[in-house]
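Since the structure comes first, as C-alpha cells, the remarks are kept for the end.
Laboratory data are not the source of any read-out in this text; all were calculated from the coordinates shown. The structure presented is a predicted model; accordingly, all values stated were derived computationally and were not measured. Counting neighbours? That spans all protein chains shown, and the Cβs are built from the backbone with ideal geometry, glycine included.
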Ligand code: HEM
C-alpha cells in the first residue's frame with residue numbers, strides 16, 4: 001500500500017471511531033443532563049403568574065415558549081427576530097439533512113428542498129447578526145463570554161462549510177449517504193475524500209461533543225423550567 005493510501009485509511013478509521021465516540025457522548029450526555037433536571041426537587045409551586053391553572057394549559061404555555069419565544073419578544077424585538085429566524089432556518093436545514101441519513105427519504109425532507117436555497121443563507125446571516133449584536137451593543141458585550149462566541153462561531157463555520165459544499169465544491173451525495181448509512185448500520189465505510197465535506201463533518205462532531213455540556217442545552221432545558229411548566233394551583237399555594 002502506498003503512503004498516501006495508508007494515511008487515508010488511517011484517517012478514515014480515526015474519523016469513524018471519532019464519529020461513534022461523538023454519537024455515544026451526545027446521547028449519554030443528553031440523558032445524563034435531562035435525568036439531572038428530572039431529579040431536581042421542586043418542592044414549592046414556582047409558576048410565573050399570570051399562569052394557566054391546568055396541566056394542559058401549562059403544557060400549551062411551554063409549547064408557545066418553544067415555538068414563539070414570547071418573553072424575548074417582550075424584552076427585545078430585534079434580538080427576538082434574529083433568534084427566531086435563526087432557529088426556524090436551523091430546523092429547515094436539519095429536516096432537509098434527513099435525506100443524508102434515511103432510506104427511504106421522508107416526504108417532509110423532500111418537501112424542504114424547495115426552501116433549502118434560502119435556509120442556509122438565512123441561517124448564516126442570522127448568525128452574523130447575533131454575533132454582531134454581542135459585539136456592538138455595550139449591554140450585550142458586557143454579559144457575553146467565550147462560550148457565547150464559541151457556540152456562534154462553531155455554528156457559523158458549520159453553515160459556511162455546508163453552503164460552500166452545496167454551491168461551490170460539490171460532494172458526491174451517493175458517497176455521503178453510503179458513509180452515514182454505514183455508520184448508522186454499524187457497517188462503516190470510508191467517508192468521501194472531499195476536504196470541505198470532511199471539515200463540515202468534523203465541525204458537526206465537535207458540536208455533538210460540546211452540545212450536552214454547553215448553554216446550547218437550553219434546547220432541552222426549556223421543558224424543565226419550573227416557572228413555566230407548572231400550572232398555577234391556588235390550593236397548593238394556600239397550604240404553604
Ligand atoms: C448541526 C448540524 C448541521 C448543520 C447546521 C448543517 C448545515 C448545513 C448547511 C447550512 C448546508 C448548506 C445548505 C443545505 O444544503 O441545507 C449544509 C450542506 C451539507 N451538509 Fe450539513 N449541516 C449539519 C450536519 C451535517 C451532517 C451530520 C452531515 C453528514 C452527512 C452533513 C452533510 C452535508 C452535505 C453533504 C451538504 C451539501 C449538500 C448538497 O451538496 O446538496 N451536514 N449543511
At the level of C-alpha centres, the distance separating the stretch 8-66 and the stretch 107-154, in angstrom, is 21
Do you know the relative contact order of the chain, to the nearest whole percent, from alpha carbon pairs under 8 angstrom that are 6+ apart? 35
Restricting to Cα pairs below 8 Å that are 6+ residues apart, what does the relative contact order work out to for the stretch 76-212? Please round to a whole percent. 22
Pick from 95, 205, 127 the residue whose mean-square fluctuation is largest in a GNM of the chain, springs joining Cα atoms under 10 Å. 95
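How do 185, 227 rank when sorted from fewest to most other Cβ atoms within 10 Å of their own Cβ? Let's see the in-between values first.
Values: 185 8, 227 11.
Listed from fewest to most nearby Cβ atoms, that is 185, 227.
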Taking Cα atoms, how many degrees apart are the long axis of helix 173-184 and the longest axis of the chain, rounded to 10 and kept between 0 and 90? 60
Tell me the mean residue ellipticity at 222 nm calculated for the chain from its helices only (DSSP H runs of n ≥ 4, each -39500 (n - 2.57), averaged over every residue, nearest 500). -23500 deg cm²/dmol
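For the stretch 3-123, what value does the Rg/Rh ratio take when both radii are computed over Cα atoms and Rh is the Kirkwood radius, given to two decimals?
Values: Rg = 21.0 Å, Rh = 19.0 Å.
Rounded to two decimals, Rg over Rh is 1.11.
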Tell me the angle of helix 195-210 to the major Cα principal axis of the chain, expressed in degrees between 0 and 90 and rounded to the nearest ten. 30
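Provide Rg over Rh for the stretch 120-190; use the alpha carbon set for both Rg and the Kirkwood Rh (inverse mean inverse pair distance). Show your work: numbers first, answer last.
Numbers: Rg = 17.2 Å, Rh = 14.5 Å.
Radius of gyration relative to Kirkwood radius: 1.18.
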So what's the Cα pair-distance distribution over the stretch 76-212, bin width 5 Å, in %? 2, 9, 16, 21, 20, 14, 8, 5, 3, 1, 0
Tail weight of P(r) past 21 Å, computed on alpha-carbon pairs of the chain, percent: 67
Would you mind computing, in nm to one decimal, how far apart the modelled labels at residue 85 and residue 56 are, each placed 7 Å from Cα along Cα→Cβ? 3.7
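Please say if the stretch 28-90 is rounded, prolate or oblate, where rounded means a/c under 1.5 for a ≥ b ≥ c the square roots of the C-alpha gyration tensor eigenvalues, and otherwise the choice is prolate for a/b larger than b/c and oblate otherwise? All intermediate terms of the calculation are to be shown ahead of the outcome.
Values: a/c = 2.28, a/b = 1.27, b/c = 1.80.
Because a/c hits 1.5 or more and a/b fails to exceed b/c, the stretch 28-90 counts as oblate.
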Could you work out how far helix 3-39 tilts from the main Cα principal axis of the chain, as a 0 to 90 degree angle to the nearest 10? 10
For the stretch 142-234, just say rounded, prolate or oblate: build the C-alpha gyration tensor, square-root its eigenvalues into a ≥ b ≥ c, call rounded for a/c under 1.5, and beyond that prolate if a/b exceeds b/c, oblate if not. prolate
